[in-house]
1. From the set of residues in the range 188-213 that are of a type in the set (V, I, T) and closer than 27 Å to Y57 by Cα, which is nearest to ligand 2 (Cβ to nearest atom)?
2. Please go through the range 113-141 and pick out each residue that is modelled with pLDDT of 95 or more, crowded, with 16+ Cβ neighbours inside 10 Å and either more than 6 Å from ligand 1 (Cβ to nearest atom) or part of a strand (DSSP E or B) (or both).
3. Looking at (1) within 14 Å of ligand 1 (Cβ to nearest atom); (2) crowded, with 22+ Cβ neighbours inside 10 Å, which one does D215 not meet, given that it meets all the others?
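The values are calculated or read from the model by the stated rules, or taken from the named source; none is laboratory data. Not measured: the values here are computed from a predicted model. Here the Cβ is made from the backbone with ideal geometry for all residues, glycine too, and neighbour counts use every protein chain on show.
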Amino acid sequence: MSAYEKVSQHSRFHLLPQTNQLKGLMTIIRDKKTKRGDFVFYSDRVIRLLVEEGLNYLPVVEKTVTTPMDVPFKGVAFEGRICGVSIMRAGESMEQGLRDVCTSVRIGKVLIQRDERTAQPKLYYSKLPNDIADRWVLLLDPMLATGGSAIKCVEVLQEAGVKEDRILFINLICAPEGALAMLERFPKLQIISAELDESIDEQKFILPGLGDFGDRYFGTD
Ligand code: PRP
Ligand code: URA
């Protein structure tokens, strides 16, 4: 079975519903002719969908409220506390999408950069909420290619006491190689992604991909 087949059938890999709306948004951001303003706008829309989907994987407990009709309603409430952790720099583009749905959410940052020549990830800096070990973590990075950066970041989270089964990796585009490496290295972590691509090239860029996300989002290309 190919890595693509393994990932697409994996129980801990969750693709957003492949609606025409999502396909249209992804087509715009993948188009090399798309200008920066539109790239940011439409990426933000996909990020919002991803964050909303990620919240579906958090645990809930039963909660009964009384409606203005003085009738009880049996609903649910989120059980655990959450935080975001962005892999700088591209992951920072996803922070606002999380803040838009979780007011005053705590956000940790880990600066990991791929060496442009070797594509090996290097850890430069991390700053995490003090009580992160007690929280669910939405790990934010739009691109998963070899998986090296995200795997290094999960190791940083584990060193800080975060339990693997409380990590939801939220991602726009992933390559099968990277997604499989992550799922196999961390047997309880879940991945929520907008699209699963075909492969990576020799420079470890995702194909068909969208190029360098950080450069296109922050205007440094
Ligand atoms: C990109 C991307 C991921 C990483 C993915 O970051 O945002 O962090 O590459 O590649 P990998 O799965 O092979 O590790 P990059 O290091 O290019 O830095 P940037 O965020 O500044 O664009
Ligand atoms: N990082 C990106 O921004 N794009 C890729 O295709 C791979 C890593």
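1. Let us first name the residues in the range 188-213 that are of a type in the set (V, I, T), namely 191-192, 200, 206.
Retained after the next criterion (residues that are closer than 27 Å to Y57 by Cα): 191-192, 206.
Details: I191: 16, I192: 18, I206: 4 Å.
Only one residue tops the list, namely I206.
2. Correct list: S126, L128, P129, I132, R135, W136, V137, L138, L139, L140.
3. Every listed condition holds for D215 apart from (2).
Conditions tested, residue by residue: (1) away from ligand 2 (no atom under 16 Å from the Cβ); (2) touching a residue at least 60 places away in the same chain (Cβ under 8 Å); (3) crowded, with 20+ Cβ neighbours inside 10 Å; (4) of a type outside the set (F, W, Y).
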{"residue": "G54", "(1), (2), (3), (4)": "yes, yes, yes, yes"}
{"residue": "L58", "(1), (2), (3), (4)": "yes, yes, no, yes"}
{"residue": "A77", "(1), (2), (3), (4)": "yes, no, no, yes"}
{"residue": "G91", "(1), (2), (3), (4)": "no, no, yes, yes"}
{"residue": "G97", "(1), (2), (3), (4)": "yes, no, yes, yes"}
{"residue": "T103", "(1), (2), (3), (4)": "yes, no, no, yes"}
{"residue": "V110", "(1), (2), (3), (4)": "no, no, yes, yes"}
